[in-house]
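See below for the structure under consideration.
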Amino acid sequence: MSTRRDLLTALIALAAAPGLGVVAAPFSDLDRDAVRRIGQAWRDSHPGATSRTLSARLFPTGRGPEALPALRAAVAADFRAGRLFVHRGWRLSDTEGALFALLAMEA
């Protein structure tokens, strides 16, 4: 991926997809170790989070076509409200951190 936003866009697409294995091929250059580290860092600051609670939070109506716009709106709302997750200099929305955590758990 060429930029952080490219990585995050790929992450959102992967997390929203109903079958991660099916859509993983186009994102084969996604650094899975980085996803795991960022996801674990977010989980360390949210110790009660589980894949079930994250899925319910991030995809309340399922992982259909409406999921991507809803996630983008949640990310924008996080930034506006100052709900940030900072990891190694990256300033991510809390929603993006949660997506990393969920993707790491589901991988």
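If I filter segment 86-107 down to residues being out of contact with any Ser or Thr (no Cβ under 9 Å at 6 or more places or on another chain) and of a type in the set (D, E, K, R), which single residue comes out as nearest to residue 35 (Cα to Cα)?
Top of the filtered list is 96.
Looking only at segment 71-85, how many residues end up being surrounded by 14 or more Cβ atoms within 10 Å (Cβ to Cβ) and part of a helix (DSSP H, G or I)?
5
Filter segment 63-82 for residues that are touching a helix residue (DSSP H, G or I) at 6+ places or on another chain (Cβ under 7 Å) and not hydrophobic (A, V, I, L, M, F, W, C) and give the result. Before the answer, list the steps.
As a first pass, look at segment 63-82 and keep what is touching a helix residue (DSSP H, G or I) at 6+ places or on another chain (Cβ under 7 Å): 63, 67-68, 71, 74-75, 78.
Of everything in segment 63-82, those that are touching a helix residue (DSSP H, G or I) at 6+ places or on another chain (Cβ under 7 Å) and not hydrophobic (A, V, I, L, M, F, W, C) turn out to be 63, 78.
Hey, can you tell me all the residues within segment 40-55 that are in a helix (DSSP H, G or I), of a type outside the set (Phe, Trp, Tyr) and either crowded, with 16+ Cβ neighbours inside 10 Å or over 13 Å from the mean Cα position of the chain (by Cα) (or both)?
Here is the first cut: in segment 40-55, the residues in a helix (DSSP H, G or I) are 40-44, 51-55.
From the residues that got through so far, the ones that are of a type outside the set (Phe, Trp, Tyr) too are 40-41, 43-44, 51-55.
Listed by number, the residues that qualify are 41, 43, 44, 52, 53, 54, 55.
Would you please list the contacts, defined by Cβ atoms under 6 Å and residues six or more apart or on different chains, that run from a residue in segment 53-66 that is in contact (Cβ under 8 Å) with a residue 24 or more places away in the chain to a residue that is in a loop (DSSP other than H, G, I, E, B) and loosely packed, with under 13 Cβ neighbours inside 10 Å?
63/18
All of the numbers you see were taken from the coordinates with simple rules; none came from a lab. Quick caveat, the model's predicted, so the values are computed rather than measured. All Cβ positions, even for glycine, are placed from backbone atoms using ideal geometry, and neighbour counts span all protein chains on display.
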